[in-house]
Amino acid sequence: MKFSDRLDMICENLSFDLDTDQVEKLKKYKELLLAWNEKMNLTAIVDEQAIIVKHFIDSMLPASLFTEGKVIDVGTGAGFPIVPLKILKPELDVWGLDALNKRITFLEEVREELGIELNLIHGRAEEYAKKDVSRETFEFATSRAVAPLNILAEYNLPFLKVGGNFVAYKGSNYKEEISDGESALKVLGGEIEDVFQYKLPVTEEQRFAIIIKKVFKTPAKYPRKPGIPKKRPL
Ligand code: SAM
């Protein structure tokens, strides 16, 4: 089946429509993902339908939560959710950060081939969030499949302006992650605002995007040194 027909079929009852240019970009992205996956580890998901559902649509269904401004994807890996979000909402000013340089190199190629504006940073959240150019400068921060919420909060909240939102993509154990993350949020200036629930097409799996509002400035000592948030979560 042609990629565009498969995508059309899967997206039939979803909350967004894709034009031909967006479909073409997703097709190119899928091709690059599979080609580069032969030489480096980008994803365990290689079936076309699964890539569409579990990577592309999972990334895009919470798009309405990102209204406008600067968005940083912390631990973007092969570009999820930031690349599908940019394809769907080109008006967003998007940034992808990852500690692994080979993933950033892949994303440079994606940016070039798809012709999208995407700011890429090779580095660790613990270090980049300390820099004046990035600290408290984003309207949105997001992460998918990077770490539990108590660790993620320390990676993400320092990037946000007060009033900005951290959107954490999560699976069904989100409630436990919220209760384990409460003390970290209190220290770092985050407050749970809402949980956006959505269902993937085809597999019918439930997904949850936890929305955390930044309510006060993160104390300057956070994030702690690389590796410490993971070793000793707040
Ligand atoms: N977000 C992508 C997704 O949903 O497919 C990638 C998930 S991958 C399992 C986790 C990524 O987070 C890896 O590429 C890893 O290098 C990156 N990562 C983990 N800890 C990080 C940190 N402290 N700073 C920056 N990147 C980090």
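The values are calculated or read from the model by the stated rules, or taken from the named source; none is laboratory data. None of these values were measured; they are calculated from a predicted model. Cβ coordinates were reconstructed from backbone atoms using ideal geometry, including for glycine residues, and neighbour counts include every protein chain displayed. In case anyone asks, the SASA skips ligands and DNA or RNA and just uses the protein heavy atoms, side chains included. Shrake-Rupley method; radii C 1.70, N 1.55, O 1.52, S 1.80 Å.
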Quiz item: If you bin every alpha carbon distance in the range 3-231 into 10 Å steps from zero, what whole percent lands in each bin?
Solution: 8, 35, 37, 18, 3, 0
Quiz item: How far is it, in nm, from the label point at Leu14 to the one at Ala44 when both lie 7 Å from their Cα along the line to the Cβ?
Solution: 2.3 nm
Quiz item: So, in nm, how far is label Ala35 from label Arg6 when the simple model puts each one 7 Å beyond its Cα toward the Cβ?
Solution: 1.7 nm
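Computing the accessible area with a 1.4 Å probe over protein heavy atoms, can you report the carbon and sulfur percentage for the range 3-231?
47 percent
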Quiz item: What ranking do 129-135, 59-65 get when scored by the average of other Cβ atoms within 10 Å per residue, highest first?
Solution: 59-65, 129-135
Quiz prompt | Å² of accessible area per residue within the range 3-231, as computed with a 1.4 Å probe and no ligands counted | solution = 45 Å²
Exercise. Work out the charge dipole of the chain with +1 on the Cβ of Lys and Arg and -1 on the Cβ of Asp and Glu about the Cα centre, then indicate which of Val195, Val215, Leu114 is farthest towards its positive end.
Key: Val215
Quiz item: Under a GNM of the chain (C-alpha, springs under 10 Å), which listed residue has the highest mean-square fluctuation: Leu100, Leu188, Leu120?
Solution: Leu100
Self-check item: Integer Hz, Karplus 6.51/-1.76/1.60 couplings in order for the range 59-69, x for Gly and Pro
Solution: 5, 8, 4, x, 4, 5, 6, 9, 7, 6, x
Exercise. Once you have the Cα-Cα distance between Ser64 and Lys102, take 0.36 nm times their residue separation minus that, and quote the gain in nm to one decimal.
Key: 10.7 nm
Practice problem: State to the nearest 20 debye the size of the charge dipole of the chain about its Cα centre, where the only charges are +1 on K and R beta carbons and -1 on D and E beta carbons. | Solution: 1200 debye
Practice problem: May I ask for log10 I(q)/I(0) of the range 143-213 at q = 0.24 Å⁻¹, from a Debye sum over the Cα atoms as equal point scatterers with solvent left out? | Solution: -1.05
Quiz prompt | Cα-projected label distance for Asp93 with Arg232, points at 7 Å along beta-carbon direction, nm | solution = 3.6 nm
Quiz item: Based on DSSP H runs of at least 4 residues, each adding -39500 (n - 2.57), what is the mean residue ellipticity at 222 nm of the chain after dividing by all its residues, to the nearest 500 deg cm²/dmol?
Solution: -9500 deg cm²/dmol
Quiz item: Roughly how many Å is it from the Cα centre of the range 111-155 to that of the range 1-49, as a whole number?
Solution: 24 Å
Practice problem: Take every DSSP beta bridge with both residues inside the range 3-231 and express the antiparallel ones as a percent of the total, to the nearest 5. | Solution: 45 percent
